[in-house]
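These notes are about the structure you will find just below.
The values are calculated or read from the model by the stated rules, or taken from the named source; none is laboratory data. All figures in this text were calculated on a predicted structure; none of them were measured in a lab. So basically every Cβ, Gly included, is an ideal-geometry build from the backbone, and we count neighbours across all protein chains shown.
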2 protein chains.
Amino acid sequence: MSKQDKEFVKEITPQSEDYSQWYLDVVLKAQMMDYSPVKGCMVIRPYGFTLWENMQQGLDKRIKATGHKNAYFPLFIPESLLQKEADHVEGFAPEVAWVTHGGNEKLAERLVVRPTSETIICEMYSRWIQSYRDLPVLINQWCNVVRWEKVTRPFLRTSEFLWQEGHTAHRNEEEAEEETLKMLEVYRDFVENDLAVPLFVGRKTENEKFAGALRTYSIEALMSDGKALQAGTSHNLGTHFAKVFEITYLDRDGELKFVWQTSWGVSTRLIGAIIMVHGDDRGLVLPPKVAPTQVVLVPIAPKKVREEVLVKAAILYEELRAAEIRVEMDDREEYSPGWKFNEWEMKGVPLRIEVGPRDLEAGQAMLARRDTGGKETVSLEELMTRVPALLAEIQANMYEKAKKFRDDNTHRTDDYAEFKQIIEEKRGFVLSRWCGDSACELAVKEETKATIRCVPFNMETSPGKCLHCSTESTKLVYFARAY
Amino acid sequence: MSKQDKEFVKEITPQSEDYSQWYLDVVLKAQMMDYSPVKGCMVIRPYGFTLWENMQQGLDKRIKATGHKNAYFPLFIPESLLQKEADHVEGFAPEVAWVTHGGNEKLAERLVVRPTSETIICEMYSRWIQSYRDLPVLINQWCNVVRWEKVTRPFLRTSEFLWQEGHTAHRNEEEAEEETLKMLEVYRDFVENDLAVPLFVGRKTENEKFAGALRTYSIEALMSDGKALQAGTSHNLGTHFAKVFEITYLDRDGELKFVWQTSWGVSTRLIGAIIMVHGDDRGLVLPPKVAPTQVVLVPIAPKKVREEVLVKAAILYEELRAAEIRVEMDDREEYSPGWKFNEWEMKGVPLRIEVGPRDLEAGQAMLARRDTGGKETVSLEELMTRVPALLAEIQANMYEKAKKFRDDNTHRTDDYAEFKQIIEEKRGFVLSRWCGDSACELAVKEETKATIRCVPFNMETSPGKCLHCSTESTKLVYFARAY
């Protein structure tokens, strides 16, 4: 490795030295984002945005396959609308941006820049829904939302972020609950399969649920520093919003009833999850299914054979493109191969193909994996079958590796002293008995900074004692410190 | 036609009676949009939004094929940034929404909700661009923008709208001009081929150019009421923004130079163009390439053979779906076939397939075109080849029909009396000699409400007299009253 090449890597702070700085170094250096002149708002640069587009494609397909259609509701919400649902306004009012003037005039009523769209969507649903024939209403929107955050971190918590928010209306509790859990499963399937991020899935406690929801469910991931990240939520809103927005329908039995509603969302925060689950000291490691570039082709050619190598590399490039593989050719003359390898590794490209004159003579190419660092020589005839197979292998391996890390860092104890030690020294998830009382939950949070990430499904256990108050309980929950 | 069926159509005001009301009736009744509780902001309902998604797909593909990548810049722009370029702020400041408070605190500096993103993007480009190696920068973003409009009309002019805005930086004027015209051509190709809307293309006058641009080009369409609509613009920004934002690069020759920039955009306004170019008294007529539903399948089945007909219709439905045709099955029992025909015609679905028991016995189906109203019987064996062919025919016919209307309503005169009469009585485009003086342009606008829509390329003519001031001129321009 030349001095230049070493310095390149040195610019990324090692995870073990300062994880937060590692994260910032990686997102900036890989040109995923940049800071903007507006406090707390970031620019998503083309490399980061292409990743988001690929993620959108994978999720949007699933959202449509489950019968939903996309729509678009206004960015602005009149103050009076936001205030209709008491819990909702209490949750969001402290963190919204206010528009007070339009053009040169002061507005008669202040407008909120949407922090989420339940209220304005409910207002519309109350006009659109009259009869059971109008139900279910299954609508999703992809948009920007704004929450005025004091402490921000790229992708994880920014004052403006991009997301999708689904909003549905149903005839009764059963249908609403089915929808809520169906979308939770859509998220699990998407995040585990496309992003290779293993999840714990479950219900949020009353303390942690969405402002205005009856029940909130979430998918929870473990970052490689041992902190958890809430990666998506799905809410059964009950009839809370229907009652204040008067969303009623005439049912088959002739009775006027309130609709049951759900809402669910994931955001650009998922990009943060990908970075922190898979990244390493060399930079990003991106899952092939969503990587902006899946394969980088690096011709390695001394001057005298340069033309010949480039021509053959160009043929390979076209073949890969024709096979719908997202491939980039790096034939820049001003950089050494070592520098290029480092750069593409830092950018997390899953697979590198090196093509040199000796390889070509032998009718082969060298493949280097980003996930394991493994290298293999493949004959040019096999290349077009080996590359897609290897990308699938990398995707599967990344998931397995992350799952092993998650499982190795998921502990089981009902002993509070041990719990505190794990949270302080090892982090990760701790599966513990909890009595179900909010007071205990808040005390644990106060004393350890760990929160209940979710109450997993089907995990009732033999009677035992609550982690904190020793009341008898059969309920197991996942605790963790979280982003 | 039953009474019920007649009443359905009666709900749309005829174009000849009140064109504006016809437009509003159609967009509301076809569920393209709805009014929102925020003045001037609309809700784009699933049917309208699916149309927009199909349009986005067609245009995004072209934007990427010409080397651009998508990114995302913040919604908010600090007041001081907006004010940097004098013409720009003068053009936009009167119509922006101001954010003055975040959470419970007053902001130190007011923020503008982006009316367009030149300023914030320039601020970023000044950080990203150092060397000629960094050029060109070719970035596009799809987003919402806000312009506080006093008079609004669905899709055509709303306080918030959706659009794409491309922003590029280049080494010199030649490259910037090439880019500006290349994207104008991308728009022309997209709008004429995918939306079946014929265009005049040309340069905007100094009066009509974008606030801050060196040169603006536009595509101009003719609505069926004889008014023109600016359907997209592409700007060569020169070095105006580069100078105030200090976007410089070290060129190959070692000199520090200002970049040349372009920006270009089209918006949800194009949906208004589709409606007003193709729609008729029965409602929407949507071009097959972007129609949310390309084919509607209506089984017509008396009770005793209902099951049998539905089974066969379901097979057809699956075949059409498998062929990637966007098809809907309308097997609702509560509506008559006549009612359904009216509804799908109102929604502008290009092709209807009727399947009844006698048709099936004869091994055939009835196809009804929305554009001409023409019907034909097709054997079931031929159906899967005939449907795509017919959709292509409809697309081509819609373009030809609109082009004929446009050409029939494009007049040629340099006589101001005749000009005034045409603008008043026939409307349409008027191609006239113009001296090039802004004073004449503004006088014509004042006296006739007609503006110069564009100065077409390569249309110099023999010397003659300016329409208004009789100064000798060889310049021909398109005038029209415009939306």
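Among the residues of region A:116-155, those identified as hydrophobic (A, V, I, L, M, F, W, C), facing chain B (nearest Cβ under 8 Å) and touching a residue at least 12 places away in the same chain (Cβ under 8 Å) are A:Ile120, A:Met124, A:Ile139, A:Cys143, A:Val146, A:Trp148. Residues in region B:37-52 that are facing chain A (nearest Cβ under 8 Å) and closer than 17 Å to A:Gly166 by Cα: B:Val43, B:Ile44, B:Arg45, B:Pro46, B:Phe49, B:Thr50. Inspection of region B:7-30 identifies no residue that is within 9 Å of chain A (Cβ to nearest Cβ) and without any contact (Cβ under 8 Å) to a residue 60 or more places away in the chain.
Note on region A:210-248: residues that are within 23 Å of A:Arg481 (Cβ to Cβ), at pLDDT below 95 and in contact with a Phe, Trp or Tyr (Cβ under 9 Å, 6 or more places away or on another chain) total 1. In region A:454-466, the residues that are closer than 21 Å to A:Arg188 by Cβ form Cβ pairs under 6 Å with partners that are basic (Lys, Arg), at six or more places apart or across chains, as follows: A:Val455/A:Arg203. Of everything in region A:53-108 that is in contact (Cβ under 8 Å) with a residue 24 or more places away in the chain and part of a strand (DSSP E or B), the residue that is nearest to A:Ile120 (Cα to Cα) is A:Ile77. Among the residues of region B:403-422, the ones that are of a type in the set (A, V, I, L, M) and surrounded by fewer than 22 Cβ atoms within 10 Å (Cβ to Cβ) come to 1 in all. So, in region B:407-423, how many residues would count as being assigned to a helix (DSSP H, G or I) and either in contact with a strand residue (DSSP E or B) (Cβ under 8 Å, 6 or more places away or on another chain) or under 16 Å from B:Ala443 (Cβ atoms) (or both)? Qualifying residue count, region B:407-423: 6. Taking region A:213-253 as the range and being touching a residue at least 40 places away in the same chain (Cβ under 8 Å), among the charged types (D, E, K, R), touching a strand residue (DSSP E or B) at 6+ places or on another chain (Cβ under 8 Å) and surrounded by fewer than 21 Cβ atoms within 10 Å (Cβ to Cβ) as the test, the residues that pass are A:Lys227, A:Asp251. Residues in region A:61-99 that are at the interface with another protein chain (Cβ under 7 Å from one of its Cβ atoms), under 20 Å from B:Phe161 (Cα atoms) and either surrounded by fewer than 16 Cβ atoms within 10 Å (Cβ to Cβ) or in contact with a helix residue (DSSP H, G or I) (Cβ under 7 Å, 6 or more places away or on another chain) (or both): A:Lys69, A:Asn70, A:Ala71, A:Tyr72, A:Phe73, A:Pro74.
When A:Leu270, A:Leu297 are checked against the criterion of being under 23 Å from A:Cys143 (Cβ atoms) and touching a residue at least 12 places away in the same chain (Cβ under 8 Å), A:Leu270 stands alone in meeting it.
For the condition touching an Asp or Glu at 6+ places or on another chain (Cβ under 9 Å), of a type in the set (Val, Ile, Thr) and either more than 26 Å from A:Asp194 (Cβ to Cβ) or not assigned by TED's automatic domain parsing to the domain that holds A:Glu177 (or both), what is the one hit in A:Val355, A:Val311, A:Val285? Break it down into steps so the answer makes sense when it comes.
On the way: A:Val355 fails: touching an Asp or Glu at 6+ places or on another chain (Cβ under 9 Å); A:Val311 fails: touching an Asp or Glu at 6+ places or on another chain (Cβ under 9 Å).
Every option except A:Val285 fails the conditions.
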